[in-house]
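These notes concern the structure reproduced below.
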Amino acid sequence: MKIQLEQVNPQYPSSQKPILQLPVTLSVEAGDHVKICGGNGSGKSTLLRTLVGLHRAYWGNYFVDKINARRLSSAQIRQKGLAYLPQHSLIFPSLTVQDFRKLIKSKTFSQPAGNMLTELLSQIDARMPFGTLAGGVQQLLGLLSIMARPATIYLLDEPFRHLDSTVSEKMKTFFTDLIREQTIALLIVDHLIV
């Protein structure tokens, strides 16, 4: 699988202007680890949301497996093998850990992220609502939930936000091993170059 951007410049839904000062041209395929860095409000998150079909591109084209993604719905883009971690968790704050376990029980997870997710969930009180968990735990659960999905290209928006340095380093090593061992790619947006 491959995603290719040709002079893409996204736009906010309520705007008629492009967001970026310069359009983006890049290609990401299995084995790649691409990181886009920029300041607050620079359009990094909006670029990822555009790639998964949640925003429109003001101009330019982007392709998923040589198919123009402008013609695809968000669901069709995900079915092509893209997994997306948004900047802010989509897990409902009132959902308990037990409810989340039931929800994911029917899902097919790739290994070893699925094992890491199951292990982390087993260490948390099942009655706890997600909204009461520490920010780092919420972030890690969201990250592992996305990484456990079978996909070819993972689009991650600030995946290490709220994680302590030890967990962050473990996840970076985990990503490096995944890229080497499996045929996946990572496209990460973040504030930090490191």
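The values are calculated or read from the model by the stated rules, or taken from the named source; none is laboratory data. What you see is a predicted model, and the numbers here were worked out from it, not measured in a lab. So basically every Cβ, Gly included, is an ideal-geometry build from the backbone, and we count neighbours across all protein chains shown.
Considering every residue within the range 13-36, establish whether at least one is acidic (Asp, Glu) and part of a loop (DSSP other than H, G, I, E, B).
yes
No other residue among Ala126, Ala113, Ala83 is under 30 Å from Pro18 (Cβ atoms) and either of a type outside the set (Phe, Trp, Tyr) or free of Cβ contacts under 8 Å to residues at least 12 places away in the same chain (or both) apart from Ala83. When we screen Leu143, Leu117 for residues that are out of contact with any His (no Cβ under 7 Å at 6 or more places or on another chain), among the hydrophobic types (A, V, I, L, M, F, W, C), buried (at least 19 other Cβ atoms within 10 Å of the Cβ) and at pLDDT below 85, the only hit is Leu117. Exactly one residue out of Leu54, Leu48 is of a type in the set (A, V, I, L, M), part of a helix (DSSP H, G or I) and within 21 Å of Gln76 (Cβ to Cβ): that is Leu48. With respect to the stated conditions, Thr173 is polar (S, T, N, Q), surrounded by fewer than 14 Cβ atoms within 10 Å (Cβ to Cβ) and without any contact (Cβ under 8 Å) to a residue 40 or more places away in the chain. Would you check if Leu54 is aliphatic (A, V, I, L, M), within 20 Å of Glu158 (Cβ to Cβ), crowded, with 17+ Cβ neighbours inside 10 Å and at pLDDT 80 or above? No.
Selection within the range 120-146: residues that are in contact with a strand residue (DSSP E or B) (Cβ under 8 Å, 6 or more places away or on another chain) and part of a loop (DSSP other than H, G, I, E, B). The member of this set that is farthest from Ala83 (Cα to Cα) is Arg127.
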